[in-house]
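Written out below as structure tokens is the structure these notes cover.
The values are calculated or read from the model by the stated rules, or taken from the named source; none is laboratory data. Everything numeric in this text was worked out from a predicted model, so none of it was measured. No Cβ is skipped: glycine too gets one built from the backbone with ideal geometry, and neighbour counts run over all protein chains shown. Surface accessibility is based on the protein's heavy atoms, side chains included, excluding ligands, DNA and RNA. Shrake-Rupley method; radii C 1.70, N 1.55, O 1.52, S 1.80 Å.
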Amino acid sequence: MSQLVTGEAVVLQVRIARMPTRALACAIDMILQVVVLMVLIGLLTGFLLGSQSSEALAVALIFIVVLLVAVGYRVVMETLTRGRTIGKMVLGLKVVRDDGSSIRFRHALVRTLMWFFVDFAPWFAASPGIVASLMNKQGKRIGDMVAGTVVIRERQQSMASPPLFVPGPLVQWAQSLELSRLSDELANAARDYLARYTELLPGPQIALGEALAARVAAVTAPAPPHPIIAPAFLSAVLAERRRRELHRLATQRPVPTGPFSQPNPYAVPPGPFAPPNPYGAPAPLPVPPPFVPPPPPTGPRPATVNAQGWAAPGSNGWT
């Protein structure tokens, strides 16, 4: 691990790319360049032979193609991708300035020209860049020293999200905060500061915290009822902002729209032939008709006699 100091005096912990990894990335780039050169020179040779051009023109065109591929590849790639070539992308490397910011065209141009004419030039036996990279504590070659750049590793453990909380006595104050003017950019800056709080030196730790707290306090209201330190203030504001966002997402429901939408897409369509709803109240049972006793007989009842010859009770034969 190494340290880079930004323009705001914030110390960043980064992993410096060493010579073996950079050499492997350079080898990948050189293989790609050789393949592209072979294809372009083959096409150019076929065109020149077909048109019967002069030898001087052929040499000039081949020299221009070699120069564009050898020099233009690195300059264009590092400028457009902010410090990466294909080899660096494969190995997770990136060229940054000494303060950790992205490089520009001039940095890429200086690094590339120094690469060809000083660091790995054949008249220097291609050794100045290797020796300088091995002796420099940040692995810089001469081109990096002149351009003010350094190659770092991008593939490292992601920064954990800081624990956000509101102290007990400040819960009511946090719930009354006005956070509509707090932008996402400022909230993310405060969150990154809290995540790197333990990695900062004491001086920048306090200065950066107070600066962020002043910016957040300028766009939030009311002020805390009790004096608190900057990290606690930022943590309380971010925790309340996250609580409101989670509450908003939990209460928000998608509203169906369109000509064929209905309030409840899972509702049972109404009608006399609709099936019973398994999730609602059970369908009412049919009401039986009221019981109506049969009318009494108008004529005399016939006598009912059992096997013994006795008349059954209630018949005309027994009273």
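Can you name the condition, by its number, that Val76 falls short on among (1) of a type outside the set (Gly, Ala, Ser); (2) under 19 Å from Gly143 (Cα atoms); (3) crowded, with 16+ Cβ neighbours inside 10 Å?
Answer for Val76: the failing condition is (3).
Can you name every residue in the range 183-210 that is open to solvent by less than 50 Å² (accessible area, probe 1.4 Å) and part of a helix (DSSP H, G or I)?
Leu186, Ala187, Ala189, Ala190, Tyr193, Leu194, Ala195, Gly203, Pro204, Gln205, Leu208, Gly209
Only one of Ala70, Ala27 is open to solvent by less than 30 Å² (accessible area, probe 1.4 Å), in a helix (DSSP H, G or I), under 22 Å from Gly129 (Cβ atoms) and modelled with pLDDT of 80 or more. Can you tell me which?
Of Ala70, Ala27, the one residue that is open to solvent by less than 30 Å² (accessible area, probe 1.4 Å), in a helix (DSSP H, G or I), under 22 Å from Gly129 (Cβ atoms) and modelled with pLDDT of 80 or more is Ala70.
Based on what the data block shows, is Lys94 surrounded by 16 or more Cβ atoms within 10 Å (Cβ to Cβ), out of contact with any Lys or Arg (no Cβ under 7 Å at 6 or more places or on another chain) and modelled with pLDDT of 85 or more?
Considered against the rule, which asks whether it is surrounded by 16 or more Cβ atoms within 10 Å (Cβ to Cβ), out of contact with any Lys or Arg (no Cβ under 7 Å at 6 or more places or on another chain) and modelled with pLDDT of 85 or more, Lys94 comes out as no.
Has the range 142-163 got any residue that is in a loop (DSSP other than H, G, I, E, B), surrounded by 15 or more Cβ atoms within 10 Å (Cβ to Cβ), out of contact with any His (no Cβ under 9 Å at 6 or more places or on another chain) and of a type in the set (Val, Ile, Thr)?
So far as the range 142-163 goes, no, none of its residues is in a loop (DSSP other than H, G, I, E, B), surrounded by 15 or more Cβ atoms within 10 Å (Cβ to Cβ), out of contact with any His (no Cβ under 9 Å at 6 or more places or on another chain) and of a type in the set (Val, Ile, Thr).
For the range 106-141, enumerate the residues that are under 14 Å from Val71 (Cβ atoms), within 36 Å of the chain's Cα centre (by Cα) and surrounded by fewer than 18 Cβ atoms within 10 Å (Cβ to Cβ).
Hit for the range 106-141 is Leu109, nothing else.
Would you mention how many residues in the range 169-182 are open to solvent by 60 Å² or more (accessible area, probe 1.4 Å), closer than 17 Å to Arg215 by Cα and not charged (D, E, K, R)?
1
Every residue in the range 211-240 that is part of a loop (DSSP other than H, G, I, E, B), exposed (fewer than 13 other Cβ atoms within 10 Å of the Cβ) and among the aliphatic types (A, V, I, L, M), please.
Ala223, Ile229
Are there any pairs with C-beta distances below 6 angstrom linking a residue in the range 23-40 that is under 14 Å from Val66 (Cα atoms) and in contact (Cβ under 8 Å) with a residue 40 or more places away in the chain to a residue that is open to solvent by less than 70 Å² (accessible area, probe 1.4 Å) and of a type outside the set (A, V, I, L, M, F, W, C), with the two at least 6 apart or on different chains, and if so which?
Gln33/Tyr73
Give me a count of the residues in the range 102-140 that are under 22 Å from Arg82 (Cα atoms) and in contact (Cβ under 8 Å) with a residue 60 or more places away in the chain.
3
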